[in-house]
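Engineer: Here it is, the structure, as structure tokens.
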Amino acid sequence: MPEQINLYATYISPFSHMVNLALLEAGAKFNRYEVDLTNKPDWFIEQINPVGKVPAITYGGPNVPLDQPSPESVKLAESRVLLEFIADLFPEARLLPEDLVVRAKARFFTEVVQSRLIPAWQGHFAKGQPVEPFVVALEEVQALLPPSGFAVGEWSIADATVAPILARAEVIFELNHPISGWAEGESHKILELLDEPRFARIKQYRHNLAARPAFKASFDKAVVKNGFKGFFDFLIQPRK
Ligand SMILES: N[C@@H](CCC(=O)N[C@@H](CS)C(=O)NCC(=O)O)C(=O)O
């Protein structure tokens, strides 16, 4: 029987959402602490994750208030590591396919999302890079999808990796915050592009991902949009 799981996460963070989704899909019992990235508590960096990033998990140890972590619990971080850990912890939930070839395909899908789609997306909305690498990476992800169903057929942690990104990409294009420095109408063009027939499969996939009860329970578009607005406003405010 798995031990106590405490998830340290931030609602707007896609990496946090990945882990939250896997825990929900696994039917895990867990506690969640919302970490404010604009005012990170010292205890989080000192006692949970020295690099100060969410998501992180404490596993096991005694029952303690989440802002007073026990030295006896195991501290784990990095979304990919956490997703694999959750899949291992709850084998009956089949968060990774049993077939070893399909399992490798799920990991390859995750690799493409982590190494190609995410950097291209972040580069475009946060670092002034062109949109093309994001569009190319989206095509790559789409090309990996089977004709129907999820990344490798049944839902797996590969889907947990991409669902938060696709949902937030839409939110950020709609938000069109000054931090992105996009020209007039640029974000509209990309939203229209995502609606084009060439992206029909990924559009259907996005709908399938969003229809999962675990996704609905962990993602409120209006809250995420508002959260990004507040976070981006914080990032661009002049520092004293
Ligand atoms: N490679 C990490 C990335 C996690 C990450 O970048 N988290 C962001 C939020 S989305 C964060 O905590 N940023 C706070 C900071 O860097 O200070 C993972 O996959 O878990």
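The values are calculated or read from the model by the stated rules, or taken from the named source; none is laboratory data. Bear in mind the structure is a predicted one, so any value in this text is a computation, not a measurement. Methodologically, a virtual Cβ is constructed for each residue, glycine included, from the backbone with ideal geometry; neighbour enumeration extends over all protein chains shown. We work out accessible area using only protein heavy atoms, side chains counted, and drop any ligands, DNA or RNA first. Shrake-Rupley method; radii C 1.70, N 1.55, O 1.52, S 1.80 Å.
Engineer: Being over 18 Å from residue 14 (Cα atoms), of a type in the set (A, V, I, L, M), assigned by TED's automatic domain parsing to the domain that holds residue 123 and in contact (Cβ under 8 Å) with a residue 12 or more places away in the chain narrows it down to one of 165, 172, 190, so name that one.
Structural biologist: Matching residue, one of 165, 172, 190: 190.
Engineer: Here are the criteria: (1) on the phi > 0 side of the Ramachandran plot; (2) in contact with a helix residue (DSSP H, G or I) (Cβ under 9 Å, 6 or more places away or on another chain); (3) free of Cβ contacts under 8 Å to residues at least 12 places away in the same chain. Tell me which single one residue 195 does not satisfy.
Structural biologist: It is condition (1) that residue 195 fails.
Engineer: Now a separate question. Scan 73, 115 and give me the residue that is open to solvent by 10 Å² or more (accessible area, probe 1.4 Å) and either assigned by TED's automatic domain parsing to the domain that holds residue 27 or on the phi > 0 side of the Ramachandran plot (or both).
Structural biologist: It is 73.
Engineer: Being more than 25 Å from residue 5 (Cβ to Cβ), open to solvent by less than 60 Å² (accessible area, probe 1.4 Å) and touching a residue at least 40 places away in the same chain (Cβ under 8 Å) is the filter here, so list the residues in region 90-108 that pass it.
Structural biologist: The one that is more than 25 Å from residue 5 (Cβ to Cβ), open to solvent by less than 60 Å² (accessible area, probe 1.4 Å) and touching a residue at least 40 places away in the same chain (Cβ under 8 Å): 102.
Engineer: Restricted to region 10-69, and to residues that are more than 8 Å from the ligand (Cβ to nearest atom), within 17 Å of residue 227 (Cβ to Cβ) and part of a loop (DSSP other than H, G, I, E, B), which residue is most open to solvent (accessible area, probe 1.4 Å)?
Structural biologist: The qualifying residue most open to solvent (accessible area, probe 1.4 Å) is 39.
For every residue, the table says whether it meets (1) out of contact with any helix residue (DSSP H, G or I) (no Cβ under 6 Å at 6 or more places or on another chain); (2) farther than 27 Å from residue 52 by Cα; (3) of a type in the set (Phe, Trp, Tyr); (4) assigned to a helix (DSSP H, G or I).
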{"position": "84", "(1), (2), (3), (4)": "yes, no, no, yes"}
{"position": "88", "(1), (2), (3), (4)": "yes, no, no, yes"}
{"position": "108", "(1), (2), (3), (4)": "yes, yes, yes, yes"}
{"position": "111", "(1), (2), (3), (4)": "yes, no, no, yes"}
{"position": "116", "(1), (2), (3), (4)": "no, no, no, yes"}
{"position": "125", "(1), (2), (3), (4)": "no, no, yes, yes"}
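Engineer: Could you please let me know if residue 192 is within 28 Å of residue 106 (Cα to Cα) and open to solvent by 30 Å² or more (accessible area, probe 1.4 Å)?
Structural biologist: no
Engineer: If I filter region 54-69 for residues that are out of contact with any helix residue (DSSP H, G or I) (no Cβ under 7 Å at 6 or more places or on another chain) and among the charged types (D, E, K, R), do I get at least one hit?
Structural biologist: no
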